[in-house]
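Laboratory data are not the source of any read-out in this text; all were calculated from the coordinates shown. Since we're looking at a predicted model, the values are computed, not measured. When we count neighbours, we look across all protein chains shown, and the Cβ atoms used for this are built from the backbone with ideal geometry, even at glycine.
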């Protein structure tokens, strides 16, 4: 079986979102990125902005997400194609 790696930074014709969540998965901040935006550059810029505010990345963002922490507080920074403010059902159910 062949495994393929999804590139979270591949350019897309769809909008993307950089979202900061708290540990209860509550949205703290959302940044909408226009289609065809350089997603890796936008993620790096967000990490640099957070670092300037004292946040430290706990690893690399190679897979499109990274935890950041500051003074015992932890957050999740994530790149996603899904609008976190969209309340539509996220999964398919054959029973509906």
When residues of segment 34-51 are filtered for being touching a residue at least 12 places away in the same chain (Cβ under 8 Å) and over 14 Å from residue 64 (Cα atoms), how many remain?
5
For segment 4-30, what are the residues that are touching a strand residue (DSSP E or B) at 6+ places or on another chain (Cβ under 7 Å), in a loop (DSSP other than H, G, I, E, B) and under 19 Å from residue 47 (Cα atoms)?
8, 22, 23
Close pairs (6 angstrom Cβ cut-off, 6 or more residues apart or separate chains): without any contact (Cβ under 8 Å) to a residue 24 or more places away in the chain and on the phi > 0 side of the Ramachandran plot in segment 9-21, surrounded by 17 or more Cβ atoms within 10 Å (Cβ to Cβ) and assigned to a strand (DSSP E or B) anywhere:
none
